[in-house]
Amino acid sequence: MMWLSQLLQRNRQCFPDRTALVDARRSVTWAEFHDRVARLAHALSERGIRGGDRVAVLSVDRIEVLETYFALARLGALFVPLNHSLTPAEVTGITERCDPVAVIGESALLERHPDLPVRIRVPVDGAEFAALCETGGPDLPDAPVADAGGSAGFPDVPDDAPAAILHTSATTGRAKGVAVDHASFRAIALGWLAQVRPTDDIVLVNCCPLYHGSMVVSLTYMAAGATVVLMPGFQPQRALAAIEDNRATHVWLVPQMLRFLMQSKALHSTDLSSLREVLYGAAPMPPELYAEAAQRLGCGFRQVYGMTEVGGPFVTLGPDEHPAPGTTDVIPAGRVIPGMSVKALDPKDQDVAPGVIGEICARGPGVMRGYWNDENATADITTDGWTRTGDLGFIDPDGRVHLIDRSKDLIIRAGQNVYPREIEQALRSHAAVHDAAVVGVADADYGEVPLAFVVAEDGTTADEVQAHLAGLLAAYKRPRQIRFIDEVPRNPAGKILKKSLPV
């Protein structure tokens, strides 16, 4: 039986009355979630959705999104989450490449995209969807049957069948569709559970969207029997209230979200004593932010390093391995989870020694099947069975992965490697600097030089920022120019959108 269905059946058997999911509107127990998914799968089958069909999902995070994912997986259909902030043209581009037969989503979002080429449209926030989950069919037997659409049972979906097409965050270009199979979800979950060993009383507030690879973190903790609290969009006060109201033990966010929590006036009046662990990923954690948050929250921190093409989170640094706050500017990404492998390659695809910078590559059952209908792009990031992450870093003698920068962001100034992330970290260490982004620009003398974009307090000058950098960075690493901007553009995962900077 496929992983997501087995996960539901196991949790219904072990924790039937425990809360599985919570959103802004309601909550469901594991027994209720299991049964609603079974009825929804039956109803969608009756509507003509079959194994191998693609179904787009267009919604903010809510219980119905996960009900849809699990129901489609049970049918052998692929769920295709769509970023709800994309323009109609961007959504149309994705759907044209994936050719979905249906779209399931919130009414207001569906209305923004009236011309999607699908034959079935189902709003999740109306009576129709509720009826599909509550009266779409009887509880069905769990035994698989051969007929993919029959009413007697569900199809026997093999582990290597594709389960989803998850799109990359597209910080530098067009989003790519990552085809992930059922075996990938299982491999990442089991490896994570073996490494992290979570208890089954966890309540996880998920601040990250369910439309890309970060969703795998929630699926993994669901496999442990955790309660997952879904947020319809990140707002600091709402996230803080969710932690307090649900007595959350864990929260999953990106560092920029954590910064907003630290800046929120509600932080001082919110009871966060239930928190045991902050999970963070998608972007580097500024050391000064880590030090402040660790002191104010008084809980452990876990780094999550992952990539949609590698199945999601495949490297982690636990609370016991984090450096003491304020003692270092270097926080490793962590060690690879069981079942997955990691190494670093030089530009000639040769393994590098421990401590030597190369491109981080991963291999194992969690890795994607490939980019959807794009063999060339798949080949571009694959070397002898290893998937290239595009991240530059090294692996220390103790097996910890250290990330330096994105290979595409590397600046080569007169033959010397300059890493934008190092400059950004130095810029943010200035007391008046709130955020920063660095890109490379062409230069007649040196080939390429760094250009810095800085968000700072009023009155801050470029000269004083450069003076600050002079004590931290070699001359060749310092930006040729500093431009002040109101905000560094970021995507919902907190990654800098360098293509949107006014270069």
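The values are calculated or read from the model by the stated rules, or taken from the named source; none is laboratory data. What you see is a predicted model, and the numbers here were worked out from it, not measured in a lab. Here the Cβ positions follow ideal geometry from the backbone for every residue, glycine too, while neighbour counts run over all protein chains shown.
Numbers at a glance
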item	result
Single condition Gly339 does not satisfy, out of (1) more than 23 Å from the chain's Cα centre (by Cα); (2) farther than 22 Å from Gln237 by Cβ	(1)
Residues within region 406-425 that are aliphatic (A, V, I, L, M), modelled with pLDDT of 80 or more and more than 16 Å from Thr389 (Cβ to Cβ), tallied	4
Subset of region 293-303 [part of a helix (DSSP H, G or I) and within 22 Å of the chain's Cα centre (by Cα)]	Ala293
Unique match (being surrounded by 14 or more Cβ atoms within 10 Å (Cβ to Cβ), out of contact with any Asp or Glu (no Cβ under 9 Å at 6 or more places or on another chain) and either touching a residue at least 40 places away in the same chain (Cβ under 8 Å) or β-branched (Val, Ile, Thr) (or both)) among Leu109, Leu78, Leu86	Leu109
From Ala187, Ala283, Ala266, residue being farther than 30 Å from Val433 by Cα and either buried (at least 23 other Cβ atoms within 10 Å of the Cβ) or touching a Pro at 6+ places or on another chain (Cβ under 9 Å) (or both)	Ala187
Cβ-Cβ under 6 Å pairs, at least 6 apart or on other chains, region 36-49 side within 16 Å of Tyr69 (Cβ to Cβ), far side charged (D, E, K, R) and part of a helix (DSSP H, G or I)	Arg36/Glu67; Val37/Glu67; Leu40/Glu67; Ala41/Arg74
Filtered residue count, region 75-85, keeping only those that are out of contact with any strand residue (DSSP E or B) (no Cβ under 6 Å at 6 or more places or on another chain) and either assigned to a helix (DSSP H, G or I) or farther than 29 Å from Val205 by Cβ (or both)	1
Leading residue by the ranking (surrounded by the most Cβ atoms within 10 Å (Cβ to Cβ)) among those in region 134-168 that are assigned to a loop (DSSP other than H, G, I, E, B) and modelled with pLDDT of 65 or more	Val157
